[in-house]
Each structure stands twice: as C-alpha cells, then as structure tokens.
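Participant: Here you go, one structure.
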Amino acid sequence: MLEVKDISYSIGKQKILNNVSVSFEPGKLAMIIGPNGSGKSTLLKIISNEINKYYGSVRYDKILLTKKDKRTISKVRAVLSQESELSFPLSVEEVVMMGRYPHFDFKPAAKDMDICKQALKRMNMADFSERNYLTLSGGEKQRVHFARVMSQIWEQPKDKYRYFLLDEPIASLDLNYQHEFLRITKEIAKQNTVTVAVIHDINLALQYADSVLLINNGSVIANGPPSEVITADNLFKVYGLKCRVIKDPGSSFPHFVVE
Amino acid sequence: MKISRLKYSTLYLLFSILLVITMSLAIRTGAVSITYREIFISLAKAMGLHPEGQVERIQEGLFMYIRLPRVLLCVIIGAGLSVSGALMQGLFRNPIVEPGLIGTSSGAAFGAALIFVVGKSFFAQYSTLLGTMILPLSAFTFSFIATMLVYKLSSSFGKVTVTVMILVGVAINAIAASCTGFLSYIARDPQARSITFWNLGTFSGANWNSVCLVYVVTIPSIFFVLRYSKALNALLLGESEAGYLGIDTEKLKTKIIILNTLIVAVGTSAVGVIGFVGLIVPHLLRMIKGSDNRFLIIGSALVGAIIMNVADMVSRVIIAPAELPIGIVTSFVGAPVFIWILRRQKGIHGKGGYYA
C-alpha cells in the first residue's frame, strides 16, 4: 500500500502540486495522466523520494518514506525513468547487474547472475548481454533499463509489497515494445506489486490501467477506474480538446479520438 | 586473440608482470647503469644477509638511496594519480576529467608554494616532524578548497555540465596559478626556483621519507575507494538513478572528493605537478575492457605505475647526463593524446555534450 497525503510542493512562488491525496494498491496498475506541466512527474519524484522538501506525507506500508533507509527501500522498490544519461562503455550485462546492487555488497552471488539472465531473456535481449551498451539504439537501451529495474525487484519479499514506479517509460519505444512494456508492467503489478506509471497516451491508459489519476495544474481532477476518469467532459476540461468515445465491437475497452 | 576477451584477473596478472619488468629496467637505467647482479647483492645486504660477491659502494648507495626510492615513488605516484583520474571521471560522469583540469593539482601546488615561501619562517619554531607534515597538509587543504569550488560552481540543480565545469576549472586554475605566481615574485631566488621545479614535477628529490609518507597515505586510500566502485558504477546512470539503487549520492561524492584530494595532494607535495597521466590511463583501460570502476581502479593503479616509470626513464635519459622535469615529458606526450581522445569522443557522441 502506498499512501500519499496532502502533498503540496512549490518552486519559488510557483505552486506545482496542491494538496494531492491518493493511495495506490498492490495488484493494480495505476496510471497518472495530465497535460505537460500538470505536476504528474513531480508527484512521481516525490513518491520516489527524489524530491524531499514538500508538505504532506508519503507512506510505504504505513511507514513514512522519510523514515525509511535508502538501501532497504531500494530492495523492494524500483524506478524506471524516461531516459538514462549513461554515456560510458559498459556491457549490457553490467548495466542489468546494477539492478542487483542493493542486494549484494561486493561480488554478485550466483542467484544475482541468474536473475539478470532471466530479466534479459524476458526483454528478448538474451543475445545482447555481451554487447556494448553505447552501441544500442534508444529503444534497445530502454529495454536494457527495463531488465535492470525488473531484476532489482525480481523476488517477492516476505510479508511486504514491491513497488514499481515508471516515469513516461515508453516514449522512445516502437508500437510493439510499447505494448510489450505495458503487458509486462501489468504482469508485475498483478504479482502483489504497487505499480504507478506516468503516461501520455490516453488510449494506452484505457487499455492497460486498473485505475487512472487525472491531474491538472497540480490538483487531482479525477481518480478511479479508467472508464470513469477518461470521459469526454474531463478531457475537455483538462486538455481543451473535443474528444469522442468509440466503442469497437471487437475490443473490450473504449477508444478516444480527437475531433 | 582480442585483449578485451581476457578475464579481469588475467589482465591484472599481465599488468603486474609488465610493472615488475619496467621497475627493474628503471632501476638499471640512468647516467650510471646498475647490473642485476649488483641489485640482488645490494638487496640481500639490505635485508641483513651476507651474499657472496662484492658491490662498489657507489653502486650500492646509488641503488639503495637514489634509484630504489625513486622507482618506488614513481610506482605509487603513477598509481595514485591514475586512480584519482578514474575516480574523478566516474564522479563527473565524464571521461575527459583529470585532477589537473578541476583545480586539484593547481590548488596543491599553491599550498606547497605557500609553505616554500612563507612557511619556513612561520613554522621554524616547530619540531621537524611538523615541518615534514606541514607541506602535505597545506597542499591538501588548498587542493580540497579548489576542487570543491570547481564542483560547487559548475553544478546547478544537481547537474554538472561539462563545458561549465571545464571553464570554471580554467578560472580556478588561473586564480591558483596567479597566487603561486605572486609567491614566486616575492620569493627569494632559491625559493622561486623550487616553485618553478614544483610546477614541472620531478622525481629527482625522491628519498625514503617521501616514499614512506606517500605509501602510507595512498595505499589505504586506494583500498578504501575500491569499496565504492559499485556505487561509482551506479552513479554512471545519473544521480537520481543511483539514488533509486539505494546509494546516498551526496555522502558518496563528499567521500570520493576527500579521498581523491588526499591522494593527489600528498603525491603533489612529494613530486610536484604531473599532468595528463591521470587522464590517459583510465581512458586506455576503458578502451581495453569497459568502464567497470572496480577494474578501472585496480587497472589504473597498475598501468599508472608502469607509465610513470616509463616517463621517468625518458626524463632521465633523453638529455643525459642532465635530467628533464617529468611534467614536461607527460604533458608533451599527454596533451596530443588528450586531443586525440576529444576527437574520438566527438565521433561517438555527436549530439550535444555530456551531462553529469
């Protein structure tokens, strides 16, 4: 269980977030949507403790985030960012192994190596393990990082939940891998993991999210099941666009088109 | 067989063998050459044995009090500067950083010059022990201040932009150099000469005292930074990513900067400013086998020691019987290599610069 309560955050006089309260449950894939500059990425940064000067509270398993030790929490919580700035020659294997860093002190155990292998295999990157990371394409790099964060929270901890936070993770991916990423994310979420993803594509949210948080100007506009949050009214309020719902008889979820 | 396919342990072994070969060559080479037989006999004598055969007193003295400390000092300074280069490159997440570029060396040189000029009269009343410690201490203090200034001034919002960092480094180096220049201006002739030699770097003053001091500081520091190789690897992903992997990046940065400054300052206080070794060695290793910081630190220590010995040999023989300051040799060879690295980098990362 991840509880965010009365979060307010401002840079100078600019209010970025205004009294945001929301809770995320394990087993469900939650998505945060909203226009550029609405505060959704900031909210994720507060949840992931990258920003730590704010009003309000963030609790993991009922314990305040500020009371948690960085290393302890990194064993059960992984964060996937939009892009990584890695610009040194490292092998794909070495990058994925970084995901296991919180779990060992000096040398990786056989278990750690095995997990990395499995994570790479899951991302269809098994043949890439010896490759130089810098020679990969943008999409391949992102798949390596997905394998890295997967290996970080590979094992289910006893009596604890896992946490998986994603900040616009699919921007650099092609259509096939966008869906592959979200399918795997949903799988991870189902295994008792609190999963929160910031995402831009509303149709992908309709297809994959179990719950959607709509944010605008730092305030929560709506929160709930995708079909209740993503409505023509709400989208007009937030994006100023006239949208239409399309029900395709062949699919189980609605689609949105902009008029 | 490709060198990059070799295992880490094989590479370490290879480097160690090369190091022993260069060390014995370096001991033999010079205005007066020493044979292996003379080396063995002198060594055995020093260990309290009574070997067969005779050595000229001059040869023995030359070996025990001039060549051996000099080669040992080369080893440790080369290792220290290269490890420091690897640390700085990891910390700034940029492969073109070295202690000379970011104020560490020039700060240390200023600290040393200060003691040369005003120190003698100021600390004359203190004991000789303090007298030997005061130089490294002053070098450390000023190089730490200079490095921190460069780091703080070039980072904004947790990001260090490399162009800004290099420019700030130029400015801080200029300030330190002008202060050193002022000191040599007001200095009497012998003091000014020692400042000049300082800035060019030389191993000719090597003695057992300086060897002991530098080893006592550098060896533990290198072992200590090895503990942070994993955290430094994670830092390559960026500061926030390293934080998600459970690393306290602020603490890590402070520790690395302190250890690094310690290594560079003590080395610089013993032999003066020697540029470019710290830049090139980690880069060579990265080309051989990637950027794992554990490998970079161990490898830099070994290869740095080899390269420093070779450079010192060159400085001893190139205008024999006179001697060229080693800083001239390393800069003369190092600067073109640095340019080559920059050009090569441009090819790989054509779009925009680095961020750290």
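Participant: List B:V71, B:V55, A:V258, B:V333 from most exposed to least, where exposure is judged by having the fewest other Cβ atoms within 10 Å.
Facilitator: A:V258, B:V333, B:V55, B:V71
Participant: Evaluated at 20 °C with a viscosity of 1.002 mPa s, what Stokes-Einstein diffusion coefficient in µm²/s does chain A have when Rh comes from the Kirkwood expression over alpha-carbon pairs?
Facilitator: On the way: Rh = 19.2 Å.
Result for D is 112 µm²/s.
Participant: Okay, moving on. Only Cα pairs under 8 Å and at least 6 apart count here; give the relative contact order of chain B as a rounded whole percent.
Facilitator: Values: 513 pairs, mean separation 110.4, N = 356.
With pairs under 8 Å counted, the relative contact order is 31 percent.
Participant: Helix-derived [θ] at 222 nm for chain B: sum -39500 (n - 2.57) over DSSP H runs of at least 4, divide by residue count, nearest 500?
Facilitator: -23500 deg cm²/dmol
Participant: How would the stretch B:216-298 be classified by its alpha-carbon gyration tensor: rounded, prolate or oblate, with rounded meaning a/c under 1.5 and the a/b versus b/c comparison settling the rest?
Facilitator: On the way: a/c = 2.16, a/b = 1.40, b/c = 1.55.
The shape class here is oblate.
Participant: Between B:G238, B:G272, B:G205, which gets the highest mean-square fluctuation from a Gaussian network model of chain B, Cα cutoff 10 Å?
Facilitator: Sorting by GNM fluctuation, first place goes to B:G205.
Participant: OK, next. Using unit Cβ charges (K, R positive; D, E negative) and no other charged atoms, how large, in debye to the nearest 20, is the dipole of the protein assembly as shown about its Cα centre?
Facilitator: Values: 63 positive and 42 negative charges, 67 e Å.
For the protein assembly as shown, the charge dipole is close to 320 debye.
Participant: Output needed for the stretch A:187-259: three equivalent-ellipsoid semi-axes, defined as square roots of 5 times the C-alpha gyration tensor eigenvalues, in descending order, whole Å.
Facilitator: 21, 18, 9
Participant: Just how far, in whole angstrom, is the stretch B:230-289 from the stretch A:151-165 if you go by their alpha carbon centroids?
Facilitator: Spelled out, the Cα-based centre of one part sits 32 Å from the other.
Participant: What is the helix-to-structure angle for B:293-317, meaning the angle in degrees between its Cα long axis and the longest Cα principal axis of chain B, kept from 0 to 90 and rounded to the nearest 10?
Facilitator: 40 degrees
Participant: On to the next question. Could you check which residue among B:V271, B:V303, B:V32 shows the biggest mean-square fluctuation in a GNM of chain B with a 10 Å Cα cutoff?
Facilitator: With Cα springs under 10 Å in chain B, the top fluctuation among B:V271, B:V303, B:V32 is at B:V32.
Participant: Going by C-beta contacts inside 10 Å, put A:L120, B:L25 in order with the fewest on the left.
Facilitator: B:L25, A:L120
Participant: Can I ask one more? Once fully extended, how much extra length lies between A:K62 and A:K5, figured as 0.36 nm per residue of separation less the alpha-carbon to alpha-carbon distance?
Facilitator: Fully extending the segment from A:K62 to A:K5 adds 19.4 nm.
Participant: Can you give the angle from 0 to 90° between the axis of helix B:104-114 and the longest principal axis of chain B, with both taken from C-alpha atoms, to the nearest 10?
Facilitator: Once rounded, the angle reads 50 degrees.
Participant: Something else: If you average 1/r over every pair of different alpha-carbon atoms in the stretch A:151-201 and take one over that average, what Kirkwood value in Å do you get?
Facilitator: Here the Kirkwood hydrodynamic radius works out to 11.8 Å.
Participant: Just to confirm the number: angle between the C-alpha axis of helix B:326-348 and the first principal axis of chain B, 0 to 90 degrees, nearest 10?
Facilitator: The answer is roughly 30 degrees.
Participant: Could you tell me which of rounded, prolate or oblate describes the stretch B:1-117, using a ≥ b ≥ c as the square roots of the eigenvalues of the alpha-carbon gyration tensor, with rounded for a/c under 1.5 and, failing that, prolate when a/b is larger than b/c and oblate otherwise?
Facilitator: Oblate, since a/c reaches 1.5 and b/c is not below a/b.
Participant: Between the stretch B:182-221 and the stretch B:1-78, what is the C-alpha centre distance in whole Å?
Facilitator: If you average the Cα positions of each part, the centres end up 23 Å apart.
Participant: Using just the helices of chain A, give the 222 nm mean residue ellipticity in deg cm²/dmol: DSSP H runs with n ≥ 4 each add -39,500 (n - 2.57), and the total is spread over all residues, rounded to 500.
Facilitator: On the way: 9 runs with 82 residues, N = 259.
Here the helix-only value at 222 nm equals -9000 deg cm²/dmol.
Participant: Which of the three applies to chain B, rounded, prolate or oblate, going by the alpha-carbon gyration tensor with a ≥ b ≥ c and a/c under 1.5 meaning rounded? Numbers along the way, then the final one.
Facilitator: On the way: a/c = 1.83, a/b = 1.27, b/c = 1.44.
Cα axes put chain B in the oblate bin.
Participant: Moving on. Taking chain B as a Gaussian network, where each spring joins two C-alpha atoms under 10 Å apart, which residue of B:A171, B:A206, B:A86 fluctuates the most?
Facilitator: Fluctuation is largest for B:A171.
Participant: Based only on other Cβ atoms within 10 Å, what is the fewest-to-most ordering of B:S33, B:S154?
Facilitator: B:S33, B:S154
Each value in this text was obtained by applying a stated rule to the coordinates, not by laboratory testing. Just so it is clear, the model here is predicted, and its values are computed rather than measured. Note: ideal-geometry Cβ built from the backbone for every residue, glycine included; neighbour counts use all protein chains shown.
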